[in-house]
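The values are calculated or read from the model by the stated rules, or taken from the named source; none is laboratory data. Source: prediction; values computed, not measured. Cβ atoms come from the backbone with ideal geometry, glycine included; neighbour counts cover every protein chain shown. Side chains are part of the model used for accessible areas, which takes the heavy atoms of the whole protein and leaves out ligands, DNA and RNA. Shrake-Rupley method; radii C 1.70, N 1.55, O 1.52, S 1.80 Å.
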Amino acid sequence: MLSVIDRQAPATAPDLESVELILRLLELLAAARHPKGVTEVARELDISKPRAHRHLRALVQRGYARQDLRSEGYEIGIKVLALGEQVRERFDVVGAIRPVMGPLREATGLAVTASALLGDDVVVLEMLQGRTLIEFGVRPGSRLDFHASAHGLVALAFGPSSLMDAVLDRPLTAWTAHTLADPASVRAEVAHVRSQGWATAVDAVQVGVNALAAPVLDHRGICRGAVALVGATQFIPERPSDEQIAHVTGAATVASQSLGWEGA
C-alpha cells in the first residue's frame, strides 16, 4: 500500500488552484444572504462566467449547492449543513453547553451563545435568540476577536498560557472607541477576568451591545469554550447584575462538570 501511495504524482498547481476555487465558492455561498447568480459569482471570485457556471453545477450535482427556481441564483446546499452537523458533534464542548443554554435563556430572556476555543481561534458554535425585540446576528461559525469579545477575554484568562502572547503579536483592531486595542490594556483586563471568573465586552465591537461570558473548563481546568448572554446595554449594563452573573457562571459550572471539571 505504501509503495502505491509513494508512486502517486503530486498535486499540480492547476489542481490546487481548482480546489482553492471550490472552497472559496463554498464560503461565498455560505456567507450570502440571498441566492447569487453566475455573473455575480464570477465577478466576486474574479473568474470567467463559464468557469463559475461549471463549478456551480458540479456543486449542485453533489448536493453542496442548490439553484433557486425563481431567481435561478445559487445558494448553499443541504449537504453542507449535514456535514456541519456531523462535525459539530465532535466538539464535545458544544454537547456540554447546549443543555444549559435553554434554561439560561428562560431565566434571563436574553440571547445565549456558546463558543469553543479551537486552536488559536474563538468560534461561536451555537446561538439561541432571546425574547427581546432585538435579534443579534452572531452566527455559528463566526470567529471572535480575543481582545474585543467576552468569549475571547475568557479564553485568554483561562485558556493555555501561550495563547496570550500569540494573540498580542497580532494587530488589535479598534472596532469602537471602547475597544481594548493595546496589549497593556488587554493584559490588565484579562487579569481582572481571571480574578472575578467572568468577562464583559461592553461597546467593544458595537456601541450599545454587551455580553457576559463565563468559561467552560475541562477536567484539567483548561478553558474549552464559554457560555454567554448577549444583549443591549440597557439589559446587560457595564456591571451586570448579581443575578445575571450568577445565572451565567452557574450555567458554565454545570457545563464544565459534564466535561469532568471538579473545581469549586
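When the square roots of the Cα gyration tensor eigenvalues are ordered a ≥ b ≥ c, the ratio a/c for the range 143-264 is 1.5 or more and a/b does not exceed b/c, which makes its shape oblate. Roughly how many percent of the accessible protein surface of the chain is carbon and sulfur, given a 1.4 Å probe and a whole-percent answer? Carbon and sulfur: 54 percent of the exposed surface of the chain.
Using θ = phi - 60° in the Karplus curve 6.51 cos²θ - 1.76 cosθ + 1.60, the 3J(HN,Hα) couplings for the range 116-126 round to 10, 8, 10, x, 9, 10, 9, 10, 6, 10, 7 Hz; x is entered for Gly and Pro. Entry comment: accessible area of the chain is 55 Å² per residue, from protein heavy atoms only and a probe of 1.4 Å.
You can think of it this way: the chain between ALA31 and ASP242 has 72.2 nm of extra reach, that is 0.36 nm per residue less the Cα-Cα gap. Once the gyration tensor of the Cα atoms in the chain is diagonalised, the equivalent ellipsoid follows with semi-axes of 37, 23, 19 Å, ordered largest first.
The listed peptides 186-195, 104-113, 46-55, ordered by packing as a protection proxy, come out as 104-113, 186-195, 46-55 (highest mean of other Cβ atoms within 10 Å first).
For LEU118, the residues whose modelled amide H falls within less than 5 Å of its own, excluding neighbours fewer than 5 places apart on the same chain, are VAL123. Taking GLU126, GLU40, GLU17 as the candidate residues, the one with maximal mean-square fluctuation in a Gaussian network model of the chain, Cα springs under 10 Å, is GLU17. By the combined test of axial Cα extent (at least 18 Å) and Kyte-Doolittle hydropathy (mean at least -1.0), the qualifying DSSP H helices of the chain come to 13-31, 92-108, 183-196, 242-258. Once C-alpha pairs closer than 8 Å and six or more residues apart are averaged by separation and normalised to the residue number of the chain, the relative contact order reads 15 percent.
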